[in-house]
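Worksheet: one structure, shown below.
The values are calculated or read from the model by the stated rules, or taken from the named source; none is laboratory data. The structure displayed is predicted, hence computed values, not measured ones. Cβ placement follows ideal geometry from the backbone for every residue including glycine, while neighbour counts extend to all protein chains displayed.
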Amino acid sequence: MVNEMLRRDVIRLIGLGGAGAMVLPGAALSQSKTPFRMDETNAIHFMAGHFIPRFLTKPIDWEFKQFATSGQGRVSAFVRGAVDGIMTSWTYLVQIAFNDLPGTCLAGMAGGGSRLLVPNGSAIKSIEDLQGKRVGVVEFSFQDIQFIYACKLKGIDAFKDLTRVNLSSPAGVVAGMTTARVDACAIFEPYGSILMIEQGAKMISNLGADSFGISNGGLYVHNDFIKKYPELTQDIVNATVKATEFILTDKNAWIGRVQQFTGQTDAVAKLAVENCTPSLDIPIDTIRKISTAMYDFGVHNRDVAAGIDKFIDYSFLEKATGKTKQQLGYTA
């Protein structure tokens, strides 16, 4: 199983050079183009981002770059100017706010995509049954934060009533489940669906319904780009809206892109897509709750929930959708 995953990772890495070229920009681009470097992710719930170039209408020279598989690595590349935009979870918007970094959320993107799994044949049926068990996580990843918060809502202390085993990476979590090192795991797609298809793992929670809700991440653009190129920024948000609508109406294109980019089987790709619900909304109350949770769990030494709105700009999304920011998730 682990060797098969490594094989697929090699296939994916070999194909990265041409991955962006498979999605063709719109015909309205001129010879003089402004570069825009977007960090590329293989997370299925952010896969709408792969289709954004198809819907651009302004002269933008879109380039996908990949620096890391973690949100931490993406934020690092973003801050040092290696990319102009990133797609990652709300926990990293909180990090941007906590460190007062030069990034702004312009649209929601991801929904769903998380799973809390137990091995085939396990007697564990619910989060409550995890007391005293070992749960594999990528420590303080979004799925881990979801899991800790879900436990809290069930009256369980995830730091005392069970053992969170940091397996460092999604591949490590898969290996931990495969070798029975852990009794359950919190993971994102496509790794959750890999475990379900190839190991018969069972899902006991999608984590969203038991924690902060289904929305879990968005599109963040560097402030320098927004300030210098407001019209191009608007075009990127417009294209993000169209790309999200596209994958929701053409699931086959979404599934095909998952297979093309991740090297997963048709069965894994379909199951992963079924577990994702892309959302353009920026639910500020959800993000505030995540900020407070990160403070409560010791990830940060202060809560930035009260100031998170300074790192969100609804105006581009309002223009792209014709909705008010209140309809898009804002509350005072």
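Assorted remarks:
- Looking only at region 280-332, and only at residues there that are among the small types (Gly, Ala, Ser) and more than 21 Å from the chain's Cα centre (by Cα), the one that is surrounded by the most Cβ atoms within 10 Å (Cβ to Cβ): 320
- Candidate set: region 144-170, residues that are free of Cβ contacts under 8 Å to residues at least 40 places away in the same chain and of a type in the set (Gly, Ala, Ser); chosen: the one surrounded by the fewest Cβ atoms within 10 Å (Cβ to Cβ): 155
- Selection from region 206-256 of residues that are touching a Leu at 6+ places or on another chain (Cβ under 9 Å) and free of Cβ contacts under 8 Å to residues at least 60 places away in the same chain: 245
- Of the residues making up region 65-73, none is part of a strand (DSSP E or B), assigned by TED's automatic domain parsing to the domain that holds residue 34, surrounded by 18 or more Cβ atoms within 10 Å (Cβ to Cβ) and in contact with a helix residue (DSSP H, G or I) (Cβ under 7 Å, 6 or more places away or on another chain).
- Restricting attention to region 230-249 and to residues that are hydroxyl-bearing (Ser, Thr, Tyr) and in contact with a helix residue (DSSP H, G or I) (Cβ under 7 Å, 6 or more places away or on another chain), the residue that is farthest from residue 51 (Cα to Cα) turns out to be 233.
- Within the set 261, 311, the sole residue that is touching a helix residue (DSSP H, G or I) at 6+ places or on another chain (Cβ under 8 Å) and more than 19 Å from residue 49 (Cβ to Cβ) turns out to be 311.
- Test for residue 130: is it under 23 Å from the mean Cα position of the chain (by Cα) and either under 27 Å from residue 310 (Cα atoms) or of a type in the set (A, V, I, L, M, F, W, C) (or both): no
- Count of residues meeting criterion [touching a Lys or Arg at 6+ places or on another chain (Cβ under 9 Å) and more than 15 Å from residue 108 (Cα to Cα)] in region 277-296: 3
- So residue 47, is it more than 20 Å from residue 294 (Cβ to Cβ) and surrounded by 22 or more Cβ atoms within 10 Å (Cβ to Cβ): yes
- Condition check for residue 83: in a helix (DSSP H, G or I), in the same structural domain as residue 307 (by TED's automatic domain parsing) and of a type outside the set (Gly, Ala, Ser): no
- Filtered residue count, region 302-330, keeping only those that are part of a loop (DSSP other than H, G, I, E, B) and either within 15 Å of residue 289 (Cβ to Cβ) or aromatic (Phe, Trp, Tyr) (or both): 5
- Qualifying position, being surrounded by fewer than 23 Cβ atoms within 10 Å (Cβ to Cβ), in the same structural domain as residue 50 (by TED's automatic domain parsing) and of a type in the set (S, T, N, Q), among 262, 277, 233: 277
- Selected residue (criterion: surrounded by the most Cβ atoms within 10 Å (Cβ to Cβ)) from residues of region 88-143 that are in a helix (DSSP H, G or I) and of a type in the set (D, E, K, R): 129
- Any chance residue 173 is free of Cβ contacts under 8 Å to residues at least 60 places away in the same chain, of a type in the set (Val, Ile, Thr), more than 15 Å from residue 115 (Cα to Cα) and buried (at least 17 other Cβ atoms within 10 Å of the Cβ): no
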